[in-house]
1. Grab the DSSP H runs of the chain that are 4 residues or longer, score each as -39,500 (n - 2.57), total them, divide by all residues and round the 222 nm result to the nearest 500 deg cm²/dmol.
2. Which value, in Å², gives the accessible area per residue of region 31-115 when a 1.4 Å probe is used on the protein heavy atoms?
3. Give, rounded to the nearest 20 debye, the magnitude of the charge dipole that the chain has about its Cα centre when Lys and Arg contribute +1 at Cβ and Asp and Glu contribute -1 at Cβ.
4. If I ignore ligands, DNA and RNA and count only protein heavy atoms, how much of GLU89 is accessible to a 1.4 Å probe, in Å² to the nearest 10?
5. Expressed in nm to one decimal, what extension gain is obtained for the pair VAL104 and ASN37 from 0.36 nm per residue of sequence separation less their Cα-Cα distance?
6. Test of understanding: given the chain, find the longest segment containing no trypsin sites (Lys or Arg not before Pro) that are in a DSSP loop and have at most 16 other Cβ atoms within 10 Å.
7. Take the solvent-accessible surface of the protein heavy atoms, probe 1.4 Å, and return the percent of it on region 26-66 that carbon and sulfur atoms account for.
Amino acid sequence: KKYSQEDLIPLLVLVVNSLGGSAPKQKVDEQIYDLLNAEFSMDVYHEKVSHGVPRWQHDIAWAKEKARQNYGYMKSAGEAGHGTWELTEKGIEYANKLIKKLEVSTRVIRRRKTV
């Protein structure tokens, strides 16, 4: 496996943020799968793990739980509603910080290409 559950947290936060800060779990899963298609299409990610869920979905779900429990980036199901994943204020702040880092990196890359 290339991506750990911990590795998926920044991508998860960015995806939920791009969907308006709140989205159905299924939509988040689809978006992340599309972004990591080359990796997630590998057999190891399609092995069934607990409750017959493919590993890629299981890893995303645990990334969400770690983002909630360890960092406070995601609301609980009780707060967001069953099947809905929603960022907390702290999660929105983290998403904005990630976006700024990406913008800076993009500017640096563009500068290097023109030199």
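1. Rounded to the nearest 500, it is -20000 deg cm²/dmol.
2. Solvent-accessible surface per residue comes out at 67 Å².
3. 660
4. Approximately 130 Å² of GLU89 is accessible to the 1.4 Å probe.
5. This chain segment gains 21.5 nm when fully extended.
6. With a cap of 16 other Cβ atoms within 10 Å, the longest stretch comes to 3-115.
7. 51
The values are calculated or read from the model by the stated rules, or taken from the named source; none is laboratory data. None of these values were measured; they are calculated from a predicted model. Using ideal geometry, Cβ is built from the backbone for each residue, glycine included, and neighbour counts are taken over all protein chains shown. In case anyone asks, the SASA skips ligands and DNA or RNA and just uses the protein heavy atoms, side chains included. Shrake-Rupley method; radii C 1.70, N 1.55, O 1.52, S 1.80 Å.
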